Amino acid sequence: MTKTAPSIASLELRLQTQKDPKQRMVLLDQLTAHYAYTDVPRALLLLDELQHILEEHYYPDFATNYLINRANAENLLYNFEEAEAFCLKAIHLIEERGTSNQQAEVYIDFAAICMNLGEYQEAAQYLEKAEKAIKSFPSARIKARHICREGYVHLRSSNFSAAIELFLEAEKRMNALNSLSIKDRYFQTLIYSGLGKVFELNNEQEKSIRYYLKTLEMCEKYGMMARISWHYLNLGVGYMSLDDLTKAEPYYQKAIETTDDINTYPRASSYANLGYCRLVQKEYQEALELFELAEKLFKEIQEEDYRNFAMIASWRGRLYTENDQSKEAIYHYRMANTYAEKVGDNKQLANTCKELAAVYASLGDFKAAYDYQVYHDRFFEKYMEQANKQKQMEIEVRYEAEKKKREAEVHKLRATKLQLKALRAQMNPHFMYNALNSIQNYITSNEITSASKYLAKFAKLMRQSLDNSDLEIISLEKEIEFLENYLMINEKLRFEDKLSYRIYVDDEIEEDILGVPTMIIQPYVENAIEHGLRTCKNGMIQVKFSLLDEDTILCTVEDNGIGRVKARQLQMNDPQFQNHKSRGTSITEERLKILHNSTDDLLVETIDLYDEVTGDARGTRVEIKIPIVEIQVN
């Protein structure tokens with residue numbers, strides 16, 4: 001074990017002397033966040049005390065941290081059902097009152113628990129939720145962890161190329177952080193271990209060993225020992241695959257002797273593999289003893305672990321073959337076949353039948369030798385069929401992933417092209433002509449102050465329009481600032497105070513951090529002015545923003561104009577405006593469908609408003625569902 005960090009030692013010392021329960025709660029919160037990754041038994045002891053204090057002095061933030069740390073500690077102890085229960089409670093609290101970063105972090109933690117429970121689809125769903133939360137408030141730290149977990153999703157589905165790409169990206173992002181918490185260090189071990197496993201499965205053993213060594217180095221340096229036996233086992237397997245038994249053996253021995261990792265499986269595997277090492281070294285009695293220990297542990301874990309039983313029986317068969325004990329060798333090879341048949345392990349069946357053929361040939365029983373050679377050929381053919389199907393499935397997985405990626409790129413390209421069209425269509429010539437004409441009138445009337453003021457406002461609006469055209473996403477705050485400038489110029493210059501406007505933003509919306517697509521709202525505001533208010537003396541436009549759900553903002557543009565029916569009548573008599581239904585609105589509606597990845601025509605809904613008493617038209621309301629998207633942060 002590594003030495004306790006001074007800060008943790010200091011916290012422990014303060015905990016010993018602190019009597020006030022609320023102050024102890026603060027110390028316990030900090031300590032359990034560290035020990036959940038470095039000393040799980042100590043973490044559970046302190047978490048129990050923290051739970052008792054929370055029963056008397058409840059604070060939501062500390063309660064949430066308790067649940068998260070408890071879930072992560074139980075997960076490292078392989079108590080996945082308990083971890084799931086605690087994490088779901090944490091999710092409930094955080095979704096009620098937590099920040100976007102807290103939500104993303106707990107979703108990422110829960111995805112790991114889901115994968116440990118074999119619930120891969122649910123894990124993917126929570127990683128999607130995490131990604132949406134990150135878009136609301138980007139965090140380089142949380143994003144790196146998210147990419148790491150995505151790498152494991154692809155690793156589990158055998159999409160190795162995607163997994164490597166994601167792990168390397170996660171490593172790059174994690175290394176770029178200014179400071180790393182113990183949880184970040186834990187994620188670094190996950191990244192290195194994931195890369196080690198990918199290279200191991202692709203038979204690139206040297207690279208696999210390199211990353212497994214980095215994993216082990218970090219675990220030992222920072223005292224993250226809860227899964228240490230797996231890392232010892234992985235390194236032993238890596239060296240053994242290179243026939244370097246001298247380097248493999250010490251890691252198997254460490255996996256067997258460690259008391260920090262309670263999992264029996266890597267210990268059982270290490271006994272078996274160490275027995276194989278002894279077999280190769282012709283230390284037969286010790287090999288048999290190690291095989292017996294391994295088999296006993298495997299049976300304790302799972303009574304019907306036939307795959308491992310087949311492997312051990314096959315190695316026993318080889319041992320007896322080398323000792324010219326043909327009867328015992330045949331018995332164990334046949335046992336290996338029986339076990340392998342139960343799990344459909346055609347590779348093991350092929351290998352065992354080949355060994356049986358050799359044993360019978362050495363005994364002069366050539367008929368049995370021939371029969372087992374035939375069996376070998378059949379099983380090997382089946383194994384190759386399985387391997388080919390597996391490769392085909394991996395190719396299909398990669399193809400589907402690439403297909404989705406290409407589709408996303410095509411959608412992005414379409415949206416970009418529409419964005420440029422929207423720029424050209426966003427402000428009609430009448431607005432620009434009237435605004436500049438009004439400024440010219442100020443100049444000719446020698447109202448220099450007003451001319452200078454509104455010329456600066458108009459120039460700023462044009463600059464905003466050009467700047468925004470280079471971006472796909474802007475903050476809602478900047479979009480609102482653009483609308484305010486646009487409406488103010490309409491109010492003061494074009495309509496000479498015959499138009500007024502109001503912009504409302506719900507308190508729950510953080511407009512400075514929520515991103516929206518550029519040039520989404522202005523076309524509808526322009527449409528309201530051109531069709532509803534152009535002929536009115538006291539026009540009013542209200543723009544409201546509210547949160548429809550965690551992924552969508554609802555924008556309402558409402559005017560008190562003449563309504564769509566009368567506007568259409570005027571259009572029929574005014575060729576100048578006959579085709580005006582702002583090109584910007586139709587383009588925007590198509591963009592919204594692409595951005596929402598939807599064919600829903602109700603992303604924009606137009607509602608005619610009528611006076612409840614007279615039935616006369618009293619305006620129009622347009623409701624626009626705007627996707628919340630990630631702000632590009634430099």
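Derivation of every value follows stated rules applied to the coordinates shown; laboratory data play no part. Owing to the predicted nature of the structure, the values given are computational and were not obtained by experimental measurement. Here the Cβ positions follow ideal geometry from the backbone for every residue, glycine too, while neighbour counts run over all protein chains shown.
Quick look at the values:
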| read-out | value |
| --- | --- |
| Tally, over the stretch 121-141, of residues that are more than 16 Å from Val153 (Cβ to Cβ), surrounded by 20 or more Cβ atoms within 10 Å (Cβ to Cβ) and among the hydroxyl-bearing types (Ser, Thr, Tyr) | 1 |
| Enumerated helices (runs of 4 or more DSSP H) restricted to the stretch 1-71, each holding at least 2 residues that are closer than 22 Å to Ile113 by Cα | 21-38, 40-56 |
| Near pairs, Cβ below 6 angstrom, 6+ apart or cross-chain, from the stretch 159-183 (of a type outside the set (A, V, I, L, M, F, W, C)) to any residue that is crowded, with 19+ Cβ neighbours inside 10 Å and assigned to a helix (DSSP H, G or I) | Glu169/Ile147; Glu171/Ile191; Arg173/Ala144 |
| Residue list for the stretch 90-111, restricted to those being assigned to a helix (DSSP H, G or I), over 14 Å from Cys148 (Cβ atoms) and either in contact (Cβ under 8 Å) with a residue 12 or more places away in the chain or in contact with a strand residue (DSSP E or B) (Cβ under 7 Å, 6 or more places away or on another chain) (or both) | Ala90, Ile91, Leu93, Ile94, Arg97, Ser100, Asn101, Gln102, Gln103, Val106, Phe110 |
| Residues being assigned to a helix (DSSP H, G or I) and over 53 Å from the mean Cα position of the chain (by Cα) - total across the stretch 314-327 | 2 |
| Residue within the stretch 336-343 that is surrounded by fewer than 15 Cβ atoms within 10 Å (Cβ to Cβ) and small (Gly, Ala, Ser) present | no |
| Counted residues, the stretch 100-118 - those being within 16 Å of Ala133 (Cα to Cα), in contact with a Phe, Trp or Tyr (Cβ under 7 Å, 6 or more places away or on another chain) and of a type in the set (S, T, N, Q) | 2 |
| Out of Tyr524, Tyr486, Tyr454, sole residue that is over 28 Å from Leu592 (Cα atoms) and either assigned to a helix (DSSP H, G or I) or of a type in the set (Lys, Arg) (or both) | Tyr454 |
| Enumeration of residues in the stretch 361-381 that are without any contact (Cβ under 8 Å) to a residue 24 or more places away in the chain and not in a helix (DSSP H, G or I) | Gly364, Asp365 |
| Flag for Arg316 being buried (at least 21 other Cβ atoms within 10 Å of the Cβ), within 18 Å of Ala272 (Cα to Cα) and not small (Gly, Ala, Ser) | yes |
| Filter result (under 21 Å from His92 (Cβ atoms) and either without any contact (Cβ under 8 Å) to a residue 24 or more places away in the chain or not hydrophobic (A, V, I, L, M, F, W, C) (or both)) within the stretch 42-66 | Gln51, Glu55, His57, Tyr58, Tyr59, Pro60, Asp61, Thr64, Asn65, Tyr66 |
| The stretch 218-247, subset crowded, with 24+ Cβ neighbours inside 10 Å and of a type in the set (Gly, Ala, Ser), residue farthest from Glu74 (Cα to Cα) | Gly238 |
| Count of the stretch 480-502 residues which are more than 26 Å from Asn437 (Cβ to Cβ) and either among the small types (Gly, Ala, Ser) or touching a Phe, Trp or Tyr at 6+ places or on another chain (Cβ under 9 Å) (or both) | 1 |
| Test result for Ser500, farther than 20 Å from Val604 by Cα, small (Gly, Ala, Ser), touching a helix residue (DSSP H, G or I) at 6+ places or on another chain (Cβ under 8 Å) and not in a helix (DSSP H, G or I) | yes |
| Filtered residue count, the stretch 331-381, keeping only those that are charged (D, E, K, R) and either touching a strand residue (DSSP E or B) at 6+ places or on another chain (Cβ under 8 Å) or more than 20 Å from Trp315 (Cβ to Cβ) (or both) | 6 |
| Checklist (1) under 26 Å from Asn79 (Cβ atoms); (2) part of a helix (DSSP H, G or I); (3) free of Cβ contacts under 8 Å to residues at least 12 places away in the same chain applied to Gly118, failing item | (2) |
| Filter result for Lys354 (more than 26 Å from Gln325 (Cα to Cα) and surrounded by 13 or more Cβ atoms within 10 Å (Cβ to Cβ)) | no |
| Total residues in the stretch 155-173, condition of a type outside the set (Ser, Thr, Tyr) and more than 12 Å from Lys197 (Cα to Cα) | 10 |
| Asn538 vs. criteria polar (S, T, N, Q) and over 21 Å from Asp608 (Cβ atoms) | no |
| The stretch 469-483: number of residues that are in contact (Cβ under 8 Å) with a residue 24 or more places away in the chain, assigned to a helix (DSSP H, G or I) and charged (D, E, K, R) | 2 |
| Tally of residues being in a helix (DSSP H, G or I) and either within 19 Å of Pro41 (Cβ to Cβ) or in contact with a Phe, Trp or Tyr (Cβ under 8 Å, 6 or more places away or on another chain) (or both) across the stretch 247-264 | 8 |
| When residues of the stretch 252-290 are limited to those that are among the basic types (Lys, Arg) and more than 33 Å from the chain's Cα centre (by Cα), the one surrounded by the fewest Cβ atoms within 10 Å (Cβ to Cβ) | Lys282 |
| Residue that is surrounded by the most Cβ atoms within 10 Å (Cβ to Cβ), among those in the stretch 612-629 that are charged (D, E, K, R) and closer than 15 Å to Lys566 by Cβ | Arg618 |
| Every residue from the stretch 336-356 that is of a type in the set (Ser, Thr, Tyr) and in contact with a His (Cβ under 9 Å, 6 or more places away or on another chain) | Thr352 |
| Criterion: of a type in the set (Asp, Glu) and touching a residue at least 12 places away in the same chain (Cβ under 8 Å) - qualifying residue of Glu217, Glu206 | Glu206 |
